[in-house]
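The values are calculated or read from the model by the stated rules, or taken from the named source; none is laboratory data. Every value quoted in this text rests on a predicted model; they were computed, and no experiment measured them. Positions of Cβ are generated from backbone atoms using ideal geometry, with glycine treated the same way; all protein chains shown enter the neighbour counts. Ligands, DNA and RNA are excluded from the accessible area calculation, which covers all protein heavy atoms including side chains. Shrake-Rupley method; radii C 1.70, N 1.55, O 1.52, S 1.80 Å.
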Amino acid sequence: DKGALTVITNGDSKNITGADRDKYIKNGDDDTKIGGKGVLTQVYVVDDTDKDDIDDVIISMINTYVAQVDGDYDEENKELELDDLGLALPADSTTLSSEDFENLAAFSDGDYVLVTVNATDGEIKTIQSAETVTGAVTSYTSTKNVTVDGKKYEYSQGYSSTYSLNNDYDLVLDTYGYVIYADGVEASDDYVFITKTASIGGVNKSFEAKAYFTDGTTA
């Protein structure tokens, strides 16, 4: 006889029976892999004395997803809107209410955040700030890792990306330090280079300047 095996993935609980059990438990096989990089995986053994020393096993796995804050916290409606970044965030709604979260006012427009989602009702359950690393990509393997400024970062499970070498990128890391999202860093157009100014006369002493902009144009 075998004890019961329960697998809970993002809150969705399933009893595993028959041949499906071999995907999780293989007697004498220490190489069996459960979960993945960036997946919070916990295994519980339930000591059931009523089953003649046959214990039940519960495997819990929680995935982390990335999103970006879309607009500042709405003080009037007490809400915060998230952008799923086109990554198919498995949530029914990306609008969070202060009735469910106490820290929404701490987030600002453009912040990257890490969220967890309950698979049974599609609700976002937790939200926290994500750490970001910015630098030039010097090498990468599209499905495994990326090297920025000489430091290699492994990918979170299921993530992959390609890059333009020697260009700057923002790497968004999950709580374990794995890359969960990457975005190219755009050059700022808020700067102008003035090479020369000269008075053009008049009572108000107006001036003329030669300006070079970051897009290569002049005026």
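What to note about this one:
- Restricting LEU96, LEU104, LEU82 to residues that are in contact with a helix residue (DSSP H, G or I) (Cβ under 7 Å, 6 or more places away or on another chain) and modelled with pLDDT of 95 or more narrows the list to LEU96.
- Scanning the range 89-113 for residues that are within 20 Å of ASP12 (Cβ to Cβ) and open to solvent by less than 30 Å² (accessible area, probe 1.4 Å) yields LEU89, ALA91.
- Residues that are in contact with a Lys or Arg (Cβ under 9 Å, 6 or more places away or on another chain) and either open to solvent by 70 Å² or more (accessible area, probe 1.4 Å) or over 10 Å from LEU171 (Cβ atoms) (or both) within the range 141-152 comprise just one, ASN145.
- Within the range 110-148, the set of residues being of a type in the set (Gly, Ala, Ser) and not in a strand (DSSP E or B) comprises GLY110, ALA119, GLY122, ALA130, SER142.
- Positions within the range 149-178 being without any contact (Cβ under 8 Å) to a residue 24 or more places away in the chain, touching a Ser or Thr at 6+ places or on another chain (Cβ under 7 Å) and in a strand (DSSP E or B), in sequence order: none
- The sole residue among VAL185, VAL179, VAL133 that is at pLDDT below 75, among the β-branched types (Val, Ile, Thr) and within 21 Å of the chain's Cα centre (by Cα) is VAL185.
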